[in-house]
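The values are calculated or read from the model by the stated rules, or taken from the named source; none is laboratory data. Note that this is a predicted model, so its numbers are computed, not measured. Glycine gets a Cβ as well: all are built from the backbone with ideal geometry, and neighbour counts include every protein chain shown.
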Amino acid sequence: MATEINEMRITATTGELLEWEAFFQKIASRKLITIVQLSEPYPNRNSILHRQYYKVKFNGEI
């Protein structure tokens, strides 16, 4: 079973980040992953995009 924590950064519009967060929450509710840490969205410099950081543990064999 995988026990390592994977770090991810997603860069997208604020609306898309909300969709990604809903997706991660949905798969976490099915016990496929555990969300260890979730940051607030940060604005990217000189861009309309924002970034959000996740630390996720996969709860099964990959």
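Structure data summary
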| read-out | value |
| --- | --- |
| Among (1) exposed (fewer than 14 other Cβ atoms within 10 Å of the Cβ); (2) in contact with a His (Cβ under 9 Å, 6 or more places away or on another chain) - the single one Ala12 does not satisfy | (1) |
| Matching residues, segment 1-34, being modelled with pLDDT of 95 or more, among the acidic types (Asp, Glu) and farther than 16 Å from Tyr53 by Cβ | Glu19 |
| Options Gln52, Gln37: the member that is in a strand (DSSP E or B), loosely packed, with under 11 Cβ neighbours inside 10 Å and at pLDDT 95 or above | Gln37 |
| Among residues of segment 11-34, those that are touching a residue at least 24 places away in the same chain (Cβ under 8 Å) and in a loop (DSSP other than H, G, I, E, B), counted | 3 |
| Selection status of Glu4, exposed (fewer than 10 other Cβ atoms within 10 Å of the Cβ) and more than 14 Å from the chain's Cα centre (by Cα) | yes |
| Residue selected from segment 22-41 under the condition touching a strand residue (DSSP E or B) at 6+ places or on another chain (Cβ under 7 Å) and not β-branched (Val, Ile, Thr), by the criterion farthest from Thr3 (Cα to Cα) | Pro41 |
